1. Output the residue which, of all residues in the stretch 128-142 that are near ligand 1 (Cβ under 10 Å from one of its atoms) and farther than 20 Å from residue 29 by Cα, is surrounded by the most Cβ atoms within 10 Å (Cβ to Cβ).
2. For the stretch 128-140: of the residues being of a type in the set (Val, Ile, Thr) and more than 9 Å from ligand 2 (Cβ to nearest atom), which is farthest from residue 57 (Cα to Cα)?
3. Away from ligand 1 (no atom under 16 Å from the Cβ), in a helix (DSSP H, G or I) and out of contact with any Asp or Glu (no Cβ under 6 Å at 6 or more places or on another chain): does that describe residue 114?
4. If residue 171 passes every condition in (1) part of a strand (DSSP E or B); (2) buried (at least 22 other Cβ atoms within 10 Å of the Cβ) but one, which one does it miss?
5. Identify, by number, the condition in (1) free of Cβ contacts under 8 Å to residues at least 12 places away in the same chain; (2) under 30 Å from the mean Cα position of the chain (by Cα) that residue 274 doesn't meet.
6. Got a number for residues in the stretch 145-174 being of a type in the set (Ser, Thr, Tyr) and near ligand 2 (Cβ under 9 Å from one of its atoms)?
7. Would you check if there is a residue in the stretch 40-50 being touching a residue at least 24 places away in the same chain (Cβ under 8 Å) and surrounded by fewer than 17 Cβ atoms within 10 Å (Cβ to Cβ)?
8. How about the stretch 37-96: which of its residues are of a type in the set (D, E, K, R), more than 16 Å from ligand 2 (Cβ to nearest atom) and closer than 24 Å to residue 132 by Cβ?
Amino acid sequence: MSKEEKSFQKTSINWYPGHMAKTRRLIGEKYNTIDIVYEVVDARIPYSSKIKDIYSMIGNKPKILIMTKKDLCDLKITKEWVKYYENLGNHVVLVDLNCGNDYEKIISMTHEIMAPFQEKRKEKGMKEQEIKALVVGIPNVGKSTLINRMCKRKVANVGNNPGVTKDFSWLRTHSDILLLDTPGILWPKLDQGEVAFNLASFTAIKQEILPLDEVAIHILKKLSTYYPKILEEMYGLKKVTDDTILDAYESIGKKIGAFKGQEIDYDKVSTKIINDIKLEHIKNITFDRK
Ligand SMILES: Nc1nc2c(ncn2[C@@H]2O[C@H](COP(=O)(O)OP(=O)(O)OP(=O)(O)O)[C@@H](O)[C@H]2O)c(=O)[nH]1
Ligand SMILES: [Mg+2]
């Protein structure tokens, strides 16, 4: 079997794990109890990290689109995406969940959006209700981190790998909002295109799903096209194209001392490139373009 065939086979088998189907089913079961949806995406891939068939799960429930990792994105490009989604009628909040109090904007926006519903309840003589928010998104975008910030303590497990959250749980904030943390989900058809490679570049899908070298090459090419300064600073390279990939690997391999005997260790070079994003050595980047 050729390398391509092998990787395709891997992708076909692994792209849609059973727990994601289960998560979708459970969200369906909780549907009636949910007042508002927090759709969480990564600000570096505001398009690629959006759940493609979200409306089939959440219907017409009110929704806030939350872009996390503001501190790691290219603000200029991501702000264009914020405008784009706002123009489509979305409520959008861009947040850094590690520093500052950006998350407070989500609380005030939630109360604003829910005010008419609370009013209606009052008119009917009912008490104001704690708002139930479903937190949903693809793996590793920061759903659990968001919940911990809003609850002001560690109530949910967090980790820089896809698939950290395994169960559903309701968690109480101090702002009359109850949050439902959910495991990350993807859509049933994950083609090996731009979107899949963007997801792999930002650790939203498990590393074994796409070939390591192809993900690293995708990153190098994106840097070369959109962020040549970073490419030069990080790897001492001016440009990377299909024709110069091998030279690029040789050069990075020599720079970081990645050798297998006398040969360049290509896997080590790929891992280094992927880890430079994962470990936040590379910042101020947004890969999605309109
Ligand atoms: N720099 C930065 N890192 C963040 C931010 N938000 C989340 N992270 C990091 O992103 C990683 C994933 O966060 P989680 O909260 O576990 O993500 P999740 O969406 O719950 O992931 P799953 O449970 O795997 O679906 C962790 O390493 C967080 O520290 C942010 O705004 N800025
Ligand atoms: Mg989680």
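1. The first filter runs over the stretch 128-142 and keeps only residues near ligand 1 (Cβ under 10 Å from one of its atoms), leaving 135-142.
Add one more test, that the residue is farther than 20 Å from residue 29 by Cα, and what stays is 139-142.
Numbers: 139: 21, 140: 26, 141: 28, 142: 24.
Among those residues, the one meeting the criterion is 141.
2. For the stretch 128-140, the residue satisfying everything is 131.
3. Numbers: away from ligand 1 (no atom under 16 Å from the Cβ): yes; in a helix (DSSP H, G or I): yes; out of contact with any Asp or Glu (no Cβ under 6 Å at 6 or more places or on another chain): yes.
Yes: the conditions hold for residue 114.
4. The one condition residue 171 does not meet is (2).
5. (1)
6. Initial filter on the stretch 145-174 (of a type in the set (Ser, Thr, Tyr)): 145, 165, 169, 173.
Remaining after also requiring near ligand 2 (Cβ under 9 Å from one of its atoms): 145, 165.
Total meeting the criteria: 2.
7. Within the stretch 40-50 (the criterion being touching a residue at least 24 places away in the same chain (Cβ under 8 Å) and surrounded by fewer than 17 Cβ atoms within 10 Å (Cβ to Cβ)), the answer is no, since none of the residues qualifies.
8. In the first step, residues of the stretch 37-96 are kept if they are of a type in the set (D, E, K, R); the result is 39, 42, 44, 50, 52-53, 61, 63, 69-71, 74, 76, 79-80, 83, 86, 96.
Filter again for more than 16 Å from ligand 2 (Cβ to nearest atom), leaving 44, 50, 52-53, 61, 63, 70-71, 74, 76, 79-80, 83, 86, 96.
Selection gives 50, 53, 61, 63.
The values are calculated or read from the model by the stated rules, or taken from the named source; none is laboratory data. Computed from a predicted structure; not experimentally measured. Positions of Cβ are backbone-derived with ideal geometry, glycine not excepted, and every protein chain shown enters the neighbour counts.
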